[in-house]
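Input: a single structure, listed below in structure tokens.
FYI, it's all coordinate maths here, none of it is from the lab. Computed from a prediction, not measured in an experiment: that's the story for all the values here. Here the Cβ positions follow ideal geometry from the backbone for every residue, glycine too, while neighbour counts run over all protein chains shown.
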Amino acid sequence: MTAHLLREAALKPSHYVGAEIPILGANAKWSEEGEYMVAEGDESDGTLALYHPEHAVILNIEAEHLDFYRDLDHIREVFTKLADQTKGKLVYCAEDAVATEICAGRENAISYGWEDGDYTATDIRDLKGSSAFTVKRKGHVLGDVELGIPGNHNILNALAAIALADSCGAEFTHIARALATFAGAKRRSNEVFIRELSYHR
């Protein structure tokens with residue numbers, strides 16, 4: 001989503017993400033013209049501690065991948081190191097207690113959420129297959145968004161992408177237009193469903 005927003009804002013980012021995103025054309029693309037590289041980090045094996053990003057987005061921190069991590073405290077250590085090594089903006093979800101614990105209070109931190117974040121979504125409307133909402137930055141209305149995918153979790157993801165794109169200088173009109181055309185990742189279940197339809201024809 002972030003890569004799409006930056007691309008629609010003519011910032012020409014490179015990207016590398018783990019899933020196939022149809023609107024991006026491929027899960028990876030190199031752009032010599034752009035300043036930004038959007039990369040999806042893998043939190044499963046502790047390698048996030050090796051990242052030294054300009055900006056970072058932390059969606060949530062939970063007790064997952066315990067085949068690698070000792071416990072939640074071990075996971076906290078890795079995300080704290082990532083936060084320490086982020087030079088620019090550190091965008092985090094104010095709805096997640098652990099992310100808030102690690103990020104809140106840092107000078108470079110930007111939060112997003114339903115009420116208490118720097119970026120919030122209000123006047124949320126379910127459009128049966130998509131969502132619409134008003135985006136506020138520190139209480140001031142930036143504008144309305146129609147998001148091409150439904151669900152409150154996707155609204156929160158959109159707020160994270162909005163916060164980062166706004167920090168990178170993208171105009172809100174470009175951000176809103178990009179979110180209206182975003183269709184999400186291609187899922188394996190979609191491919192199976194399509195094959196089943198073909199089989200029964």
Once amide hydrogens are built 1.01 Å from N within the peptide plane, the residues lying 5 or more places from Ala39 or on another chain with amide H under 5 Å from its amide H are Tyr16
For the chain, modelled as a GNM with alpha-carbon contacts under 10 angstrom, which of Ala160, Ala170, Ala19 fluctuates the most?
-> Ala19
What trypsin sites (Lys or Arg not before Pro) does region 1-108 have in DSSP loop regions with at most 16 other beta carbons within 10 Å?
-> Arg70, Lys87, Arg106
Sequence-distant or interchain residues sharing an amide H contact under 5 Å with Ala109, placed H: which?
-> Leu90
Within the under-9-Å Cβ sphere about Pro13, not counting Pro13, Lys/Arg +1 and Asp/Glu -1 give a net charge of +2
Under the Kirkwood approximation for Rh and a Cα-based Rg, what ratio Rg/Rh is obtained for region 65-107?
-> 0.99
The chain - Rg (one decimal) and Dmax (whole number), Cα, Å = 17.5, 59
How many angstrom separate the Cα center of region 59-84 from the Cα center of region 132-166?
-> 27
Provide the per-residue ³J(HN,Hα) series for region 104-114, in order, calculated from phi with Karplus coefficients 6.51, -1.76, 1.60 and θ = phi - 60°, each as a whole number of Hz, with x at glycine and proline positions.
-> 4, x, 6, 4, 9, 7, 10, 9, 9, x, 7
Classified through the alpha carbon gyration tensor (a ≥ b ≥ c as square roots of its eigenvalues; rounded if a/c is under 1.5, else prolate when a/b is larger than b/c, else oblate), region 1-65 comes out prolate
Would you mind checking the pairs Lys12/Lys136; Lys89/Lys128; Lys12/Lys87; Lys29/Lys87 and listing those with alpha carbons more than 32 angstrom apart?
-> Lys89/Lys128
Between Thr86 and residues 5 or more places away or on another chain, the pairs with built amide H atoms under 5 Å apart involve none
Got a sec to turn the phi values of region 5-11 into Karplus ³J(HN,Hα) couplings, 6.51 cos²θ - 1.76 cosθ + 1.60 with θ = phi - 60°, whole Hz, x for Gly and Pro?
-> 4, 5, 5, 5, 8, 6, 8
First measure r as the distance between the Cβ atoms of Arg76 and Trp114, then evaluate 1/(1 + (r/R0)^6) with R0 = 30 Å and state the FRET efficiency to the nearest 0.05.
-> 0.80
